[in-house]
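Asks: After the structure tokens below, expect a handful of questions from me.
The values are calculated or read from the model by the stated rules, or taken from the named source; none is laboratory data. Because the structure is a prediction, the values reported are computed rather than measured. We place every Cβ from the backbone using ideal geometry, glycine too, and count neighbours over all the protein chains shown. Only protein heavy atoms, including side chains, enter the accessible area calculation; ligands, DNA and RNA are left aside. Shrake-Rupley method; radii C 1.70, N 1.55, O 1.52, S 1.80 Å.
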Amino acid sequence: MTKLIIDGVEIDVPPDYTLLQACEAAGAEIPRFCYHERLSIAGNCRMCLVEVKGSPKPVASCAQQVRDQRPGPNGEPPVVNTKTPLVKKAREGVMEFLLINHPLDCPICDQGGECDLQDQAMAYGRSGTRFDENKRAVEEKHMGPLIKTVMTRCIQCTRCVRFATEIAGVAELGATGRGEDMEITTYLEAAMTSELSGNVIDLCPVGALTSKPYAFNARPWELKKTETIDVMDAVGSNIRMDARGPEVLRILPRVNEEINEEWISDKTRFVWDGLKRQRLDRPFLRKDGRLTPINWDEALSVAAARLSIASEKIALVAGDLAVAEGAFALRRLGDARQIAAKASLGPDMALDLRQGREGYLFNTTIMGLEDADALVLIGCDPRREAPLINARIRKTWLRGGLQIAAIGASGPLNYRVLNLGGDVAALEALAAGKGLFAETMAAAKRPALILGEGALARADGAQVLRRAGEISARYGIVRAATTQEPHGWNGFNVLHAAAGRVGALDLGFASRLEGRFETVYLLQADDVDLRRFDGAFVIYQGSHGDAGAARADLVLPAASYAEQDGLWVNTEGRVQMARRAVFPKGEAKEDWAILRAIAGRMGVNLGFDHLAQLREVLVRAAPSFGMIDHAPGASPVRVGFDPAQLGEAGPLGAAPIAPTPLDFYRSNPIARASRVMAECAEATAPAAPELAAE
């Protein structure tokens, strides 16, 4: 620790702190535009000027480290002042220069009310300007269907450039010209190809980059803000939904260092318009081949009758967007009727549940990936299946020390990967301690692997799981706690792509469904092979008119994830609580309430009558749901978990290993209903250029 005297207060801070961080640790407020905690230091806005005793002029506090400050002549700690007349005059001068060319667009700017430039001009600027020259004008730039540009407002802080290059890994933004002619632009005026591109909107401190779909929709003070959880993938990103009346108008990230830091994917951010399109707002029954509107009384009676047949002729399916309370209500109904066929259907993944949750969770935890020094990707594409996990991998790789190999990769990743090919022989070789990456894994202190759905959804998925377990055993990927490692190390990870998958597995829904049935209940299940249910009476409970509703004989309108309180379990097994942002559309009801009503018609007591009671019963049945915001991988490794015993021993098939094909922008019913996602899919349809490794 190093001593500093800041505004007369002596503090101890780490020597690698910047002066800006040290001043904030001392309670001083330092304005800034270009500085951001997660980006490299540019030092080009000069707004963070402070006075350092002994320095002939004010210094940029973001670009000076504590360790570089000289002590006084008698060894006194360095003295920094942030409120002197010199600092005040310097900041006013900087602000005056920043506003020379900035247009007076505040009344028509979407950044109004949330603009760093507005706030800091009020707090640190002059009351007037001394410049009468004409302001410059800059042509707008094309950055795709998501980002609206008014580059005349740009103050060249370069946050967007640094984010694209460092975090997103796509070196597609840069500056041209010098001085007054400097402009931020995309190369060749093309749309950004990153799945994280929308984060530059949050980073922009002025109104140069704003949300194109949200443009002119609302002012921030009109919106009701709800903190909730994203369900567009299995990462469980923390988000904030802003709504006005019955509609969600935008989605923003919330900071959670253990999951998404402060980023979200473009699908998470811009899918909100899909919440109001293609909605199911009343029950329907198929009569004479056509879905006909009916009332809830008739719908519940039909559902109860169809679920009262012989239990072996009924299948219950919890889909990718099934909230935990709804899946649990479906399970309770199935248990009461002794229905054995309960499944969570996406890809038919060969998961081995005999050894508990560790067999199907992302055990390293998302944040724990930063401790890994060797990583094998098997049949997964983290860039599209889980962009925020991919960002963590890139972050760790950029810091150095992480070596990555892939078996069955598809498409370019934004970090350097040793591609071992998709042949099963590469997997066999690694399991046997041979091949290009075996020596790296053997030398690694904290090796890890990530199994994707594409590896486990094969016909020989159980054997692939077995080989992954053998790799774990051979290279010490799973180790119990020791004195040197109090928590041990579990680098065995299964990457799920759907938000409802892990919660359904925790509740006893199998990952495969076999046999033929007369009644099939689909709970928020659209992305399944519906041909297997030919001849069955299909009851579909969901929020959107998608594949499930088109196949259904009875449609029960349900609330979407934005319209009901609920628990979601992410790929690392972390239980998080989502909050309702708006009310359900039309006659739609919450998932658990519909199933409770059907059970009442059948004379079945599910053990609860309201949501709080349901959660009490749920926690008693599955205690993991009571541990809110706890990732099991953060606890000591469970003694007895042996990944080498996962899966079935047997030969691998000849088919190459590959990730499950995923249309990133159309991966679920809500995304498919979104016009913005359709525009993104169209904009990225041509082959994307090869991404730079750094």
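Asks: Would you mind checking the pairs Lys395/Lys434; Lys225/Lys395; Lys212/Lys276; Lys267/Lys395; Lys148/Lys225 and listing those with alpha carbons more than 26 angstrom apart?
Replies: The pairs that break the limit, which is 26 Å between Cα atoms, are Lys395/Lys434; Lys225/Lys395.
Asks: How would you order 587-596, 213-222, 165-174 from highest to lowest mean count of nearby Cβ atoms within 10 Å?
Replies: The peptides rank, most packed first, as 587-596, 165-174, 213-222.
Asks: While we're on this one: What dipole magnitude, in Debye to the nearest 20, does segment 432-503 give about its Cα centre under +1 on Lys/Arg Cβ and -1 on Asp/Glu Cβ?
Replies: For this selection, approximately 60 debye.
Asks: How do the peptides 346-352, 558-564, 646-652, 6-12 rank, highest first, by the average count of neighbouring beta carbon atoms within 10 Å per residue?
Replies: Ranking, from highest mean packing down: 558-564, 346-352, 646-652, 6-12.
Asks: Something else: Just need the Rg to Rh number for segment 176-266, please, alpha carbons only, Kirkwood Rh. Before the final figure, lay out the partial values.
Replies: Numbers: Rg = 15.6 Å, Rh = 15.2 Å.
That ratio is 1.03, to two decimals.
Asks: Next question, about the same structure. I'd like the carbon and sulfur percentage of the solvent accessible area for segment 260-410, probe radius 1.4 Å, heavy atoms only, ligands and nucleic acids excluded. Numbers along the way, then the final one.
Replies: Numbers: 2130 of 4740 Å².
In segment 260-410, the share of accessible area belonging to carbon and sulfur is 45 percent.
Asks: Related question: What accessible area per residue comes out for the chain, rounded to a whole number of Å², with a 1.4 Å probe?
Replies: For the chain, the per-residue accessible area is 40 Å².
Asks: Continuing with the same structure: What number do you get for the chain when its Cα radius of gyration is normalised by 2.2 N^0.38 Å, N = residues?
Replies: Computed over Cα atoms of the chain, the ratio equals 1.05.
Asks: Lys53: which aspartates and glutamates have alpha carbons under 16 Å from its alpha carbon, excluding same-chain residues fewer than 8 sequence positions away?
Replies: Asp7, Glu10, Asp68, Glu76
Asks: Can you tell me the 0 to 90 degree angle between the C-alpha axis of helix 591-602 and the longest principal axis of the chain, rounded to 10?
Replies: 20
Asks: How long are the semi-axes of the equivalent ellipsoid of segment 30-113, taking √(5λ) for every eigenvalue λ of the Cα gyration tensor, in whole Å from largest down?
Replies: 31, 15, 9
Asks: I'd like the orientation of helix 296-306 relative to the chain: the angle between its Cα long axis and the longest Cα principal axis, in ° from 0 to 90, rounded to 10.
Replies: Around 50 degrees separate the two axes.
Asks: I've got another one for you. Evaluate the relative contact order of the chain (contact order divided by residue number), counting alpha-carbon pairs under 8 angstrom at least 6 apart; express in whole percent.
Replies: Averaging sequence separation for qualifying contacts and normalising by length gives 16 percent for the chain.
Asks: Given contacts defined as C-alpha pairs under 8 Å and at least six residues apart, what's the relative contact order of segment 1-53, whole-number percent?
Replies: So the answer I get is 22 percent.
Asks: Would you give the gap between the C-alpha center of segment 177-247 and the C-alpha center of segment 316-395, rounded to a whole Å?
Replies: Here the two parts' Cα centres lie 29 Å apart.
Asks: Can I ask one more? Quick one: helix 324-336 against the long Cα principal axis of the chain, what's the angle to the nearest 10°, folded into 0 to 90?
Replies: The angle comes out near 10 degrees.
Asks: At q = 0.27 Å⁻¹, what base-10 log of I(q)/I(0) does the Debye formula yield for segment 471-541 when every alpha carbon is treated as an equal point scatterer in vacuo?
Replies: Here the Debye-derived log intensity ratios amount to -1.27.
Asks: I've got another one for you. Taking all protein chains in place and a 1.4 Å probe, what share, in percent, of the accessible surface of segment 1-115 do carbon and sulfur account for?
Replies: That fraction is 54 percent.
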